[in-house]
Amino acid sequence: MGNKVKKFSFISVILSVICVVFVAEAAAPAAAIGNQQFFWWIFLIITFLLPYGMVVAELGTTYDSDGGLYDWIREAFGDRWGSRVAWYYWINFPLWMASLAFLFPETISMITGMEIGLVPSLAIELAFIWIVVFLSFSKVSDSAWILNLAAVLKVGIALVVGGLGIWYAVNNGFASDMSPATFMPDLTNTNALTYLSIILFNFMGFEVITTYVGSMENPNKQIPRAIIAGGIAIAALYLFSSFGIGAAIPAMDISLDSGIMDAVGIMAGVGSVLFIVVGIVFLITLFGNMVSWSFGVNFVAEHAARKKNMPKVFAHESEKNQMPTGAAIVNGVVASVLVLLSPVMELAGFDGFFWIFFSMNIVFLLISYIPMFPAFLKMRKVDPNRKRVFTFPFKGKLMYVMLAIPAIELVLAIIATIVPLNGSEEELSKIPMLVGVIVFVVLGEVVRIW
């Protein structure tokens, strides 16, 4: 029409990816891996992020679909697998939202120094859940400035925690053992292997880059650069913030839920201005995580429901702005039920609800990506002549190897996260997560058949 289309800058792409992919609350579980995480980040960038990113780059730019991952797998393997993937991709979100809800009263208590009782805690947790639900009703929440602001705040937390770690280590020494041997992977350390899924989880979501193809000057070059640059930037942020946490707290003593605040409290002082500011910004980023992810999850669930691969309730949308309100409300209901069940579970002897639900969220997200790799191969064979903006760079037997490795890594990470690998107390604590995953898988099969 004569109007010049404004191109999406490379920096905006990276910031948007950081907002969607970088998860501040995952810094503590990543730090719990210890110095081994430096090796694992580099190893998984090469063996997982590279092939995974190239696969989603080709699929996302070749197939114009509203359902993304769900559509790719459904087109390759039919409704049965499409329904399963839609369920796994969706259920991860209310589990994640419930896990973050537990952080809210705990963080407020640390900021204010006041003990928060059971009823007020539940009220705060439910308020967090339903504020996220109502924010996801509005298209305003999906604007670029909100994504960029959330990304800047997350980066700010990482830089503050990492910077404090350098200052603290210079003045007080490291709380953790920094000998060279601690940086090498230890496959017998099941506690560290449990949290490797965190690193893979922190790579999920790079398909958001493919949505910017129409606004890129040269997507064939910019997409792989954005994936590699985004992956390295995110790894650097995690390593820097994890370094700060590890400088103040030994890896074995890091709290999976309050690790960031514990570290800032030790280094800057509990109740200090910096401690309070970090706490408030941290709470804001929790909203940013949920709102930014809600759009993708809700639209996939709605899209699948319209194809009768998810229950009809997910297909409901707002008449005013066509947002998927049905999926958003179901998210709120499921997360609320999980939160309200926590006191009952606590009476039964369970605790650590953040990690129980967060790990289940991670597992279901990782499961949903496993069929993507064989789906990629099948779609290549079925439609080899389709025009591709970006093409997976590996050929022949090397292509099969590069597709098999990330799929195997996903399976191994899932096993390490929820399956007890020995009879120790730490490993047996995985049983509630394993049971929870099995329950939701069975429920998903019931829903699929229904």
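The values are calculated or read from the model by the stated rules, or taken from the named source; none is laboratory data. No experiment lies behind these values; they were computed from the predicted model shown. Reconstructed Cβ throughout: ideal geometry from the backbone, glycine too, with neighbour counts over all protein chains shown. Calculation scope for accessible area: heavy atoms of the full protein, side chains included, ligands and nucleic acids excluded. Shrake-Rupley method; radii C 1.70, N 1.55, O 1.52, S 1.80 Å.
Only helices at least 24 Å long along their axis, Cα-based, and averaging -0.5 or more on Kyte-Doolittle count here, so list those DSSP H runs from the chain. Mind dumping the intermediate values first?
Numbers: long enough: 79-112 (51 Å, 0.40); 118-135 (26 Å, 2.43); 144-172 (41 Å, 1.50); 219-248 (43 Å, 0.99); 273-306 (50 Å, 1.56); 325-347 (34 Å, 1.76); 353-369 (25 Å, 1.99); 396-418 (35 Å, 1.99); 431-449 (27 Å, 2.36).
Within the chain the helices that satisfy the rule are 79-112, 118-135, 144-172, 219-248, 273-306, 325-347, 353-369, 396-418, 431-449.
Say R0 is 41 Å: what FRET efficiency, to the nearest 0.05, do Met178 and Val337 get from their beta-carbon distance? Display every interim value, and only then the final one.
Values: r = 44 Å, r/R0 = 1.08.
Computed FRET efficiency for Met178 and Val337 comes out at 0.40.
Checking the table Lys154/Lys395; Lys221/Lys397; Lys308/Lys430 against a 30 Å threshold on Cα-Cα, which pairs fail?
Details: Lys154/Lys395 38 Å; Lys221/Lys397 24 Å; Lys308/Lys430 34 Å.
Result: Lys154/Lys395; Lys308/Lys430 exceed 30 Å.
Cβ neighbours within 10 Å, averaged per peptide: list 88-94, 292-298 in order, most packed at the top.
Working: 88-94: 24.7, 292-298: 22.4.
Highest-to-lowest ranking by the protection proxy: 88-94, 292-298.
With +1 on each Lys and Arg Cβ and -1 on each Asp and Glu Cβ, and nothing else charged, work out how big the dipole of the chain is about its Cα centre, in Debye to the nearest 20. Numbers along the way, then the final one.
Numbers: 25 positive and 29 negative charges, 443 e Å.
Here the size comes out at about 2120 debye.
Would you mind working out the magnitude of the charge dipole of segment 34-117 relative to its Cα centre, with +1 at each Lys and Arg C-beta and -1 at each Asp and Glu C-beta, to the nearest 20 Debye? All intermediate terms of the calculation are to be shown ahead of the outcome.
Working: 3 positive and 8 negative charges, 47 e Å.
Result for segment 34-117 is approximately 220 debye, rounded to the nearest 20.
So which GluC sites (Glu not before Pro) in segment 261-363 pass both tests, a DSSP loop state and at most 13 other Cβ atoms within 10 Å of the Cβ? Intermediate results must be reported in sequence, preceding the final value.
On the way: sites: Glu302, Glu317, Glu319, Glu346; in loops: Glu317, Glu319.
Loop-located and lightly packed - Glu319.
Please compute the contact order of the chain in relative form: average sequence separation of alpha-carbon pairs under 8 Å and at least six residues apart, divided by the residue count, as a percent. Working shown, then result.
Values: 640 pairs, mean separation 153.0, N = 450.
So the answer I get is 34 percent.
On average, how much accessible surface per residue is there in the chain, in Å², for a 1.4 Å probe, leaving out ligands, DNA and RNA? Provide the component values of the computation, followed by the final result.
Numbers: 18890 Å² over 450 residues.
Per-residue value: 42 Å².
Which value at 222 nm does the chain reach when only helices count, each DSSP H run of 4 or more adding -39,500 (n - 2.57), with the total divided by all residues and rounded to the nearest 500 deg cm²/dmol?
Values: 19 runs with 311 residues, N = 450.
That comes out to -23000 deg cm²/dmol.
Please state the charge dipole magnitude for segment 298-443, taken about the Cα centre, from unit charges on C-beta atoms (+1 on K and R, -1 on D and E), reported in debye and rounded to the nearest 20.
Numbers: 14 positive and 10 negative charges, 283 e Å.
Taking the Cα centre of segment 298-443 as origin, the dipole is about 1360 debye.
Would you kindly calculate the translational diffusion coefficient of segment 61-192, applying Stokes-Einstein with the Kirkwood radius from alpha carbon pairs, for 37 °C and a viscosity of 0.692 mPa s, and quote it in µm² s⁻¹ without decimals?
Working: Rh = 19.9 Å.
My calculation gives 165 µm²/s for D.
Please tell me the relative contact order of segment 165-297 in percent, rounded to the nearest whole number, where contacts are Cα pairs under 8 Å and at least six residues apart.
Numbers: 62 pairs, mean separation 44.5, N = 133.
Dividing the mean separation by the residue count of segment 165-297 yields 33 percent.
For the chain, with all protein chains present and a 1.4 Å probe, just round the carbon and sulfur fraction of the accessible area to a whole percent. Intermediate results must be reported in sequence, preceding the final value.
Values: 12860 of 18890 Å².
The C+S portion of the solvent-accessible surface of the chain is 68 percent.
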